[in-house]
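Remarks on the structure that follows.
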Amino acid sequence: MKFDYLESKVMEIKNWVINIRRDFHQNPELGLEEYRTRDKIIEYLNHMGIENKIVAETGVVGIIRGKNQGKTVALRADMDALPMDDKKDVSYKSKVEGKMHACGHDAHTAILLGTAKILNNMKERINGNIKFLFQPAEETVGGALPMIEEKVLENPYVDGVFGLHVDNNLKTGQIGIKYGQMKAASDMIRIIIYGENSHGAYPQDGVDAIAIAGQVIVALQTVVSRNVDPRSSAVLTIGTIKGGYGGNIIADRVEMEGIVRTLNKESRELVLHKIKKIVEQIPQTLGGEGEFIRTEGYTALINDNDMVDIVRKNGQQILGKENVKKIPFPSYGVEDFSYFAATRPSAFFQLGTGNIEKGIIHSGHTSYFDIDEDSLTIGILLQARNALEFLKS
């Protein structure tokens, strides 16, 4: 498929896509609450004549079955908003108090609908199938895994997945790509130290949970610096500590909460194992007890290099070689596209949406966040090309 033909078709739907994005922006829904968003997506897909079904309660999967047999590729967009007030002075600002699309998922959804519209009009020339994954709850509990558990990557079997995320640190007309490790794995940790109360004047009669907690915190600082290979790296942060009843009382309980971010499975298992040993063993030597509670977060996002090559080549052809930026280091942010990437060869890339002249300078997860809407057609063109090139390979 020639690039200029595809570009002209994408430009024909530019205003349509902008209006869709603005509608979603005005009507944001939090994770697992995306019922209006889901129903609007179904309405659009039905109008296009694209087969679809509901998955994971508020998610949607659509499919275009090409004229001829071949591979199946999936394109993914997340749908949920954030619990924030929209403080922008624009006609399409959020109508819902305390809810806002501050991370661009409205744009992701609009781009995927636009991509579906373009590719559906070409289905007679497509070999294979294209699935469209509209995913809920990326910002909260993670909707990717429930979708996978409901077999969105089966029947027909998906051979590869592409996803994108808007990025105001890149200018409109640029993309960011990363080979291999792109995002970290995430775990929330909770530590409870148990001691024994006594009067503060008679510490020998108790077991000081605060003193024990201090020793545990010091030991935890060695987990990364003295156990993790520096070439792999990790982050361990204790963000809260609570304990004690008064200045003259030996505390019998201290609670701490923190995060662990790692870039691969081996480092993740090592760090969590070391934390558990420290939390359980140090308090015992000091007469107390320690409890370690882990809440598993997202797995690390590791791109498939061959899939990234497709994005790179299409980006260079559409935007120019100078506008395809290689991301130098993995991010310690998280993204549940990682579950698709762990299951199938995948590529996740950053779509430039920043524009200083238009005042599009605010980063995600802020109340003034917006995107340059000229980026929407670029996203559609890239994702359409990515799908078509994958099916040709």
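Of the set (1) within 20 Å of the chain's Cα centre (by Cα); (2) assigned to a loop (DSSP other than H, G, I, E, B), all apply to V61 but (2). In segment 127-147, the residue that is nearest to S393 (Cα to Cα) out of those that are of a type in the set (A, V, I, L, M) and surrounded by fewer than 21 Cβ atoms within 10 Å (Cβ to Cβ) is L145. Kindly indicate whether any position in segment 25-36 is in a helix (DSSP H, G or I), touching a residue at least 24 places away in the same chain (Cβ under 8 Å), farther than 12 Å from D78 by Cα and not polar (S, T, N, Q). Taking every residue of segment 25-36 in turn, at least one turns out to be in a helix (DSSP H, G or I), touching a residue at least 24 places away in the same chain (Cβ under 8 Å), farther than 12 Å from D78 by Cα and not polar (S, T, N, Q). Where residues in segment 326-338 are surrounded by fewer than 21 Cβ atoms within 10 Å (Cβ to Cβ) and under 24 Å from N314 (Cβ atoms), which of them is nearest to the chain's Cα centre (by Cα)? Across segment 326-338, the extreme among qualifying residues is S331.
In segment 215-238, the qualifying residues are those that are in contact with a strand residue (DSSP E or B) (Cβ under 9 Å, 6 or more places away or on another chain) and among the small types (G, A, S), and the one that is modelled with the highest pLDDT is A234.
Of the residues N197, N169, N155, N227, the single one that is surrounded by fewer than 21 Cβ atoms within 10 Å (Cβ to Cβ), touching a residue at least 40 places away in the same chain (Cβ under 8 Å) and assigned by TED's automatic domain parsing to the domain that holds K313 is N169.
Each row is one residue, and each column tells you yes or no for (1) closer than 26 Å to L145 by Cα; (2) surrounded by fewer than 23 Cβ atoms within 10 Å (Cβ to Cβ); (3) modelled with pLDDT under 95; (4) not basic (K, R).
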{"position": "I282", "(1), (2), (3), (4)": "no, yes, no, yes"}
{"position": "N323", "(1), (2), (3), (4)": "no, yes, no, yes"}
{"position": "R344", "(1), (2), (3), (4)": "yes, yes, no, no"}
{"position": "G354", "(1), (2), (3), (4)": "no, yes, no, yes"}
{"position": "G359", "(1), (2), (3), (4)": "no, yes, no, yes"}
{"position": "F369", "(1), (2), (3), (4)": "no, no, no, yes"}
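For I54, are the conditions met, namely being surrounded by 17 or more Cβ atoms within 10 Å (Cβ to Cβ) and either outside any loop (DSSP other than H, G, I, E, B) or among the β-branched types (V, I, T) (or both)? Considered against the rule, which asks whether it is surrounded by 17 or more Cβ atoms within 10 Å (Cβ to Cβ) and either outside any loop (DSSP other than H, G, I, E, B) or among the β-branched types (V, I, T) (or both), I54 comes out as no.
Could you tell me which of the residues I275, I310, I259, I293 is within 27 Å of A211 (Cα to Cα), at pLDDT 95 or above and touching a helix residue (DSSP H, G or I) at 6+ places or on another chain (Cβ under 8 Å)? Even if it seems obvious, please write down each step before you answer.
Numbers: I310 fails: within 27 Å of A211 (Cα to Cα); I259 fails: touching a helix residue (DSSP H, G or I) at 6+ places or on another chain (Cβ under 8 Å); I293 fails: touching a helix residue (DSSP H, G or I) at 6+ places or on another chain (Cβ under 8 Å).
The unique qualifying residue is I275.
Residue-wise test of (1) at pLDDT below 95; (2) surrounded by fewer than 14 Cβ atoms within 10 Å (Cβ to Cβ).
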site: F3; (1), (2): yes, yes
site: V10; (1), (2): no, no
site: N27; (1), (2): no, no
site: Y35; (1), (2): no, yes
site: G62; (1), (2): no, no
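A quick yes/no check of all residues on (1) in contact with a Cys (Cβ under 9 Å, 6 or more places away or on another chain); (2) in the same structural domain as L263 (by TED's automatic domain parsing); (3) of a type in the set (A, V, I, L, M):
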{"position": "G287", "(1), (2), (3)": "no, yes, no"}
{"position": "G290", "(1), (2), (3)": "no, yes, no"}
{"position": "I318", "(1), (2), (3)": "no, no, yes"}
{"position": "V324", "(1), (2), (3)": "no, no, yes"}
{"position": "P328", "(1), (2), (3)": "no, no, no"}
{"position": "G333", "(1), (2), (3)": "no, no, no"}
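If I ask for residues that are touching a helix residue (DSSP H, G or I) at 6+ places or on another chain (Cβ under 8 Å), charged (D, E, K, R) and more than 23 Å from S338 (Cα to Cα), which ones from segment 172-195 would you list? Give the steps one after another, and end with the answer.
Narrowing segment 172-195 to residues touching a helix residue (DSSP H, G or I) at 6+ places or on another chain (Cβ under 8 Å): 172-175, 177-180, 183, 185, 187, 189, 191, 193-195.
When the remaining residues are screened for being charged (D, E, K, R), the result is 178, 183, 187.
Answer for segment 172-195, where residues must be touching a helix residue (DSSP H, G or I) at 6+ places or on another chain (Cβ under 8 Å), charged (D, E, K, R) and more than 23 Å from S338 (Cα to Cα): there is none.
Within segment 320-366, the set of residues being touching a strand residue (DSSP E or B) at 6+ places or on another chain (Cβ under 8 Å) and among the small types (G, A, S) comprises S331, G333, S338, A341, A342, S346, A347, G352, G354, S363, G364.
Scanning for something assigned to a strand (DSSP E or B), closer than 21 Å to L82 by Cβ and either in contact with a Lys or Arg (Cβ under 9 Å, 6 or more places away or on another chain) or not basic (K, R) (or both), does segment 119-127 turn up at least one residue? Walk me through how you get there before you give the answer.
If we filter segment 119-127 for residues that are assigned to a strand (DSSP E or B), which is where we start, we get 127.
If we keep only those that are closer than 21 Å to L82 by Cβ too, we end up with none.
Checked against the condition, which is being assigned to a strand (DSSP E or B), closer than 21 Å to L82 by Cβ and either in contact with a Lys or Arg (Cβ under 9 Å, 6 or more places away or on another chain) or not basic (K, R) (or both), segment 119-127 yields no hits at all.
Testing D39 on (1) in contact (Cβ under 8 Å) with a residue 60 or more places away in the chain; (2) part of a helix (DSSP H, G or I), one condition comes back false. Which one is that? Just one mismatch for D39, condition (1). Which of the residues that make up segment 12-24 are among the aromatic types (F, W, Y) and either crowded, with 21+ Cβ neighbours inside 10 Å or assigned to a loop (DSSP other than H, G, I, E, B) (or both)? F24 - this is the single residue of segment 12-24 that is among the aromatic types (F, W, Y) and either crowded, with 21+ Cβ neighbours inside 10 Å or assigned to a loop (DSSP other than H, G, I, E, B) (or both).
Would you check if I193 is farther than 19 Å from N248 by Cβ, among the hydrophobic types (A, V, I, L, M, F, W, C) and over 28 Å from the mean Cα position of the chain (by Cα)? Spelling it out, I193 is indeed farther than 19 Å from N248 by Cβ, among the hydrophobic types (A, V, I, L, M, F, W, C) and over 28 Å from the mean Cα position of the chain (by Cα).
The values are calculated or read from the model by the stated rules, or taken from the named source; none is laboratory data. Every value quoted in this text rests on a predicted model; they were computed, and no experiment measured them. Using ideal geometry, Cβ is built from the backbone for each residue, glycine included, and neighbour counts are taken over all protein chains shown.
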